[in-house]
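K.L.:
Just passing along the structure, written as structure tokens.
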Amino acid sequence: MADRRTLNIVILGLGFLFIFTAFTTCGNVEHTVVKSLENSTFSGSGFHSLGIIYGVFSFSNLLAPMVVAVIGPKICMFISGLLYSGYVAVFIAPSTWALYFTSVLIGVAAALLWTAQGQFLVANSEASTINRNTGMFWALLQCSMLFGNLYVYFEWNGRTEIPDDSRRNVFLSLMVVSVVGTLSFLALSASRHEEDVLSEDEGQSLLSTPMMYKNRADSAIQDTKSDFRTIRQLLKDKTIVLLSPSMAYSGLELSFYSGVYGTCVGATAQFGAAAKGLIGISGIVVGVGEIVGGGLFGLLCKNNRFRRTSVVFLGMVVHFVAFYLIFLNTPDDAPVVFSTATQKEPFLTPSVSIALLCSFLLGLGDSCFNTQLYSILGRVYAEDSMPAFAIFKFVQSVFAAVAFFYSGYLMLTWQLLLMVILGFGGTLCFFMVERMQNFSIDLQEH
């Protein structure tokens, strides 16, 4: 049983590795690709597409547990993987309606996929293996930022424009990778918990199959109502209110490092023929920063309250240094330029080394904030962790969606300023929550 569960976790991680190799690479380059299309009938925006995805995801997340409970995590992950593959396939032969329609579908698919992943991982773990299994899964997932972006670098390095045949080759390859990841979910076997549920269902299925699913749906609806009541109560809690600016900031910087900054690097005219290839390298370096930060701060500092505040402060400093260097090194019109190259001159002569250093710092800082937000929510709301994490993902996704929508209109300076203001406020509020928790623990001890 233990071996089968471990194999399930490995297959789960590999499936997500393949699917998100395709999707994260797609998100990193899609706005640049859209701007380079030689098609007068296409009027879509990569930023708007990503904004729709995160907006739909934020609301779908609230109902996803009910759907997963009814039809099961394995089927949900398979269907979601097909929808992810369909989104990537849109860029092989782009059309505006297909881009936005699949953006809505993938927002729903993302909510189902991540909810199902959480349930499946927990069902295949025990108290003694949950940390190991979570670590195995996230290690495989984080590698998704490396391989697809490396392919983009080799395919587009030396090109000032992205020709249609090259675009088709890249996205056809990414679609195949996503389909392989989706098919891998079919190799997942049922956990002991799922077998018990199935045997119960079979025992009752002297009732009809529709009646069996109706019973599952009724149970899922009751659980969802209970979760909504808990969420409403938590939204009034002082700790959640104080952590909201940090959650919101994580959404803004998520949109910046995952879609906007790569576009800025690729649009920097001073990088010449290397610019488009650098989008891929930038994505890889962001991934390296995420992996380094997740390993150091997620594992080494997991249970230390003092270190938690130190890590968040480090994340703020690292991000602010990155924002200042980006401000100096990147043309102000990089995110909003309609052609594929900028017109404005930055304060410094753009340096590839500084641009890639900023990519690393963005990934490192993101891991600082996210690992510590998960840590403090898990500690404060140990009994209500699922509703607390649902609020976190909701706030993060809403602000990521808002950021993607304004990213195509606001100059880079204003986008950086918004993140500095919210990042500083979020860090102060995080410190207040830590101080409240320390004070509460001191009172209990005395």
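The values are calculated or read from the model by the stated rules, or taken from the named source; none is laboratory data. Source: prediction; values computed, not measured. Virtual Cβ from ideal backbone geometry, glycine too; neighbours counted across all protein chains shown. Areas reflect the complete protein model, heavy atoms only, side chains present, ligands, DNA and RNA absent. Shrake-Rupley method; radii C 1.70, N 1.55, O 1.52, S 1.80 Å.
K.L.:
Could you rank I19, I11 by how accessible they are, 1.4 Å probe, largest area first?
P.N.:
On the way: I19 0, I11 25 Å².
My answer, sorted largest first, is I11, I19.
K.L.:
Report, in deg cm²/dmol and to the nearest 500, the calculated mean residue ellipticity at 222 nm for the chain, where each DSSP H run with n ≥ 4 adds -39500 (n - 2.57) and the sum is divided by the residue count.
P.N.:
Computed ellipticity for the chain at 222 nm equals -26500 deg cm²/dmol.
K.L.:
Per residue, how large is the accessible surface of the chain? Use a 1.4 angstrom probe and give square angstrom.
P.N.:
Result: 43 Å² of accessible area for each residue.
K.L.:
A further question follows. Order the following by accessible area, largest value first: S246, S351. Probe radius 1.4 Å; ligands, DNA and RNA are ignored.
P.N.:
S351, S246
K.L.:
At a probe radius of 1.4 Å, what is the per-residue accessible area of L82, in Å² to the nearest 10?
P.N.:
About 90 Å², rounded to the nearest 10.
K.L.:
Right, something else. Ordered by packing density, taken as the mean number of other Cβ atoms within 10 Å over each peptide's residues, highest first, how do 328-337, 167-176 rank?
P.N.:
In descending order of packing, they fall as 328-337, 167-176.
K.L.:
How many lysine pairs are close in the chain, with Cα atoms under 24 Å apart and the two 8 or more places apart or on different chains?
P.N.:
14
K.L.:
Right, another one. Pick from F392, F59, F256 the residue whose mean-square fluctuation is largest in a GNM of the chain, springs joining Cα atoms under 10 Å.
P.N.:
Taking springs between Cα atoms under 10 Å, the residue moving most is F59.
K.L.:
Also, quick follow-up: Starting from the Kirkwood radius over alpha-carbon pairs of the range 67-117, derive D by Stokes-Einstein at 20 °C in a medium of 1.002 mPa s and give it in µm² s⁻¹. Each step should come with its number before you reach the end.
P.N.:
Details: Rh = 11.1 Å.
D, rounded to a whole number, is 192 µm²/s.
K.L.:
With viscosity set to 1.002 mPa s at 20 °C, what whole-number translational diffusion coefficient in µm²/s follows for the range 1-189 from Stokes-Einstein and a Kirkwood radius over Cα pairs?
P.N.:
It comes out at roughly 125 µm²/s.
K.L.:
Cα axis of helix 209-235 to longest principal axis of the chain: angle in degrees, 0 to 90, nearest 10?
P.N.:
70 degrees
K.L.:
Output the peptides 89-95, 378-384 sorted from most to least packed, where packing is the average of other Cβ atoms within 10 Å over each peptide's residues.
P.N.:
Ranked by mean Cβ neighbours within 10 Å, highest first: 89-95, 378-384.
K.L.:
Can you tell me, using C-alpha contacts under 8 Å and at least 6 residues apart, the relative contact order of the chain as a whole percent?
P.N.:
Computed value for the chain: 25 percent relative contact order.
K.L.:
Quick check: convex hull of the Cα atoms in the chain, volume per residue, rounded to a whole Å³?
P.N.:
140 Å³
K.L.:
Picking from S310, S226, S407, which is most flexible by a Gaussian network model of the chain using Cα springs under 10 Å?
P.N.:
The residue with the greatest mean-square fluctuation here is S226.
K.L.:
Relative to the first principal axis of the alpha-carbon coordinates of the chain, what is the inclination of helix 192-204, with its axis defined by its Cα atoms, in degrees from 0 to 90 and to the nearest 10?
P.N.:
50 degrees
K.L.:
Relative to the longest principal Cα axis of the chain, at what angle does helix 46-60 sit, 0 to 90 degrees, rounded to 10?
P.N.:
With rounding to tens, the tilt is 20 degrees.
K.L.:
Same structure, new question: Can you pull the semi-axes for the range 237-445, root of five times each eigenvalue of the Cα gyration tensor, sorted largest first, whole Å?
P.N.:
They are 34, 16, 14 Å, listed from largest to smallest.
K.L.:
For V122, V352, V395, give me the order by solvent-accessible area with a 1.4 Å probe, most accessible first, ignoring ligands, DNA and RNA.
P.N.:
Per-residue accessible area, sorted high to low, gives V122, V352, V395.
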